[in-house]
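**Student:** After the structure tokens below, expect a handful of questions from me.
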Amino acid sequence: MKVVAVYPEVKDVRVIEHDEPRLTGPTQVKLRVLEIGICGTDREICSFHYGTPPRGLKHLVIGHEMLGEVIEVGSQVRTLRRGDLVIPMVRRPCPHAHCVACRSGRQDFCYTGDFVERGIKEMHGFMGEFVVDEERFMIKVPRELREVAVLVEPLTIAEKALIQIHDVQNRLPWTCPVRSKEMGLNHQCHRAVVLGAGPVGLLGAMALRAAGFATWVYSRETAPNAKADIVSAIGATYVSSTTTNVKQLAEMVGNIDLVYEAVGASSLAFEVLESLGTNGVFIFTGVPGRKAPIQVDTDLLMRNLVLKNQVLFGTVNAGRDAFEASIRDLGVFMQRWPGAVKALFTNRLDLDSAPAKLRDGRGSIKDVICHV
Ligand SMILES: [Zn+2]
Ligand SMILES: [Zn+2]
């Protein structure tokens, strides 16, 4: 079967032949790959900044955002049947007995760093025709979501953040005081700013809107543009950093309860952090490249953190709870804003076009490789 492989040493990305995988244990399932999304992480791996082949190999099969169909199950598989649609989790636990996170099935919080990730770190990914994997890493998706289910994995970033926001904000009275039936879904008492209008930012904005936040998306490009259209379709406000500076943004929003950083630019993030509101939470999801140090007003930030009860946290990867929340929310998004969800898909391409797309994704929101 064909797979897309990255060769970091010789800096090459190409389609190669692999043997079709077979079940080797009773708890495994075999999947036919239906769709694989391409994200910023994949593009970084294909510019050779990131990504590690399995031990002893020169190449890594790429791809971690996958929708598959079960075509074969091992004798001890209980929850899945042929024909089921599934999304696989990406990260696999480290082997250490003392890692309480991995030993509790929460490898997204692994302490040791010795986890592996399919298509990213020391384990082949999904960008091929078939995959064999363990039942316990599969999340079942309803067939109604077939068309958009490849977004489940990238949406888990926001869903894991929302679960943590809920835990953190339980420290204070956080429930909206007047939430009558008439106000319904449009009632917004918390204000969120999303930094970046890539797929992570746009999916984050949708999750925040669905959770009842008044939402502003702050991104470089001036409106009108395709991303700004999606933002207004979900009832959020698009603000361009080209025409509105951070101070003006903060005045527009009022007390910023939440910042969801999805752009990976530390200078912008720390500038916005200065405007985080009382009892506010700032969530980092981006991984910036190393650039020259910048100046930050640490006295101001520390004063704000203390005097305004602020919380900053970073978040990576996701657990089963976030995958399940992601599937529920995608269903909600499709009911409320089907056009906006579908507009996230820029290109659907075949496997042979993948290497070129992985090397150059300019202008795309979400590119997807699919098999028909
Ligand atoms: Zn991704
Ligand atoms: Zn671990």
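The values are calculated or read from the model by the stated rules, or taken from the named source; none is laboratory data. None of the values given here were measured: they were computed from a predicted structure. Positions of Cβ are backbone-derived with ideal geometry, glycine not excepted, and every protein chain shown enters the neighbour counts. When the accessible area is computed, the model is the full protein with side chains, heavy atoms only, and any ligands, DNA or RNA have been set aside. Shrake-Rupley method; radii C 1.70, N 1.55, O 1.52, S 1.80 Å.
**Student:** Within region 18-32, does at least one residue satisfy the condition of being open to solvent by less than 50 Å² (accessible area, probe 1.4 Å) and more than 28 Å from Arg82 (Cβ to Cβ)?
**Tutor:** Within region 18-32, none of the residues are open to solvent by less than 50 Å² (accessible area, probe 1.4 Å) and more than 28 Å from Arg82 (Cβ to Cβ).
**Student:** Got a number for residues in region 76-103 being closer than 19 Å to Thr27 by Cβ, open to solvent by 40 Å² or more (accessible area, probe 1.4 Å) and in contact (Cβ under 8 Å) with a residue 12 or more places away in the chain?
**Tutor:** Summing the residues that are closer than 19 Å to Thr27 by Cβ, open to solvent by 40 Å² or more (accessible area, probe 1.4 Å) and in contact (Cβ under 8 Å) with a residue 12 or more places away in the chain in region 76-103 gives 5.
**Student:** In this structure, does Gly319 turn out to be surrounded by 15 or more Cβ atoms within 10 Å (Cβ to Cβ), under 30 Å from Ala101 (Cα atoms), in contact with a Lys or Arg (Cβ under 6 Å, 6 or more places away or on another chain) and touching a residue at least 40 places away in the same chain (Cβ under 8 Å)?
**Tutor:** So Gly319 passes the test.
**Student:** Sticking with this structure for a sec: State yes or no: is Val116 β-branched (Val, Ile, Thr) and over 18 Å from the mean Cα position of the chain (by Cα)?
**Tutor:** Criteria not met by Val116.
**Student:** Here's something else I'd like to know. Could you grab me the full set of residues in region 319-360 that are closer than 12 Å to Gly37 by Cα and assigned to a loop (DSSP other than H, G, I, E, B)?
**Tutor:** If the condition is that a residue be closer than 12 Å to Gly37 by Cα and assigned to a loop (DSSP other than H, G, I, E, B), then Leu344, Asp350 are the ones that fit.
**Student:** Same structure again: Is it fair to say Val311 is among the β-branched types (Val, Ile, Thr), touching a Leu at 6+ places or on another chain (Cβ under 9 Å), surrounded by 11 or more Cβ atoms within 10 Å (Cβ to Cβ) and over 18 Å from Ile139 (Cα atoms)?
**Tutor:** yes
**Student:** Still on this structure, I have one more. Near ligand 2 (Cβ under 10 Å from one of its atoms) and either at pLDDT 95 or above or among the acidic types (Asp, Glu) (or both): which single residue out of Arg106, Arg136, Arg143, Arg118 fits that description?
**Tutor:** Arg106
**Student:** Being polar (S, T, N, Q), buried (at least 18 other Cβ atoms within 10 Å of the Cβ) and in contact with a Pro (Cβ under 8 Å, 6 or more places away or on another chain) is the requirement here; does Ser266 meet it?
**Tutor:** yes
Listed here are the residues, each with its yes/no results for (1) more than 24 Å from Val259 (Cβ to Cβ); (2) within 16 Å of ligand 1 (Cβ to nearest atom); (3) within 15 Å of the chain's Cα centre (by Cα).
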| position | (1), (2), (3) |
| --- | --- |
| Met127 | yes, yes, no |
| Phe130 | yes, no, no |
| Arg136 | yes, no, no |
| Ala161 | no, yes, yes |
| Ile165 | no, no, no |
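**Student:** What's the number of the condition Met334 fails, among (1) open to solvent by less than 60 Å² (accessible area, probe 1.4 Å); (2) at pLDDT below 95?
**Tutor:** (2)
**Student:** Provide a single number: the residues in region 138-159 that are within 15 Å of the chain's Cα centre (by Cα), within 23 Å of Leu351 (Cβ to Cβ) and of a type in the set (Val, Ile, Thr).
**Tutor:** 3
**Student:** Taking the residues in region 77-104 that are under 23 Å from the mean Cα position of the chain (by Cα) and farther than 19 Å from Val33 by Cα as candidates, determine which candidate is nearest to ligand 1 (Cβ to nearest atom).
**Tutor:** In this case the residue turns out to be Arg92.
**Student:** If you don't mind, there's one more thing I want to ask. Which of the numbered conditions does Ser232 fail, given that it passes all the others? Conditions: (1) closer than 23 Å to Val148 by Cα; (2) crowded, with 23+ Cβ neighbours inside 10 Å; (3) among the polar types (S, T, N, Q).
**Tutor:** The failed condition is (2).
**Student:** Can I ask one more? Please give the strands (runs of 3 or more DSSP E) falling wholly within region 104-222 in which 2 or more residues are crowded, with 19+ Cβ neighbours inside 10 Å and in contact with a Ser or Thr (Cβ under 7 Å, 6 or more places away or on another chain).
**Tutor:** 190-195, 213-219
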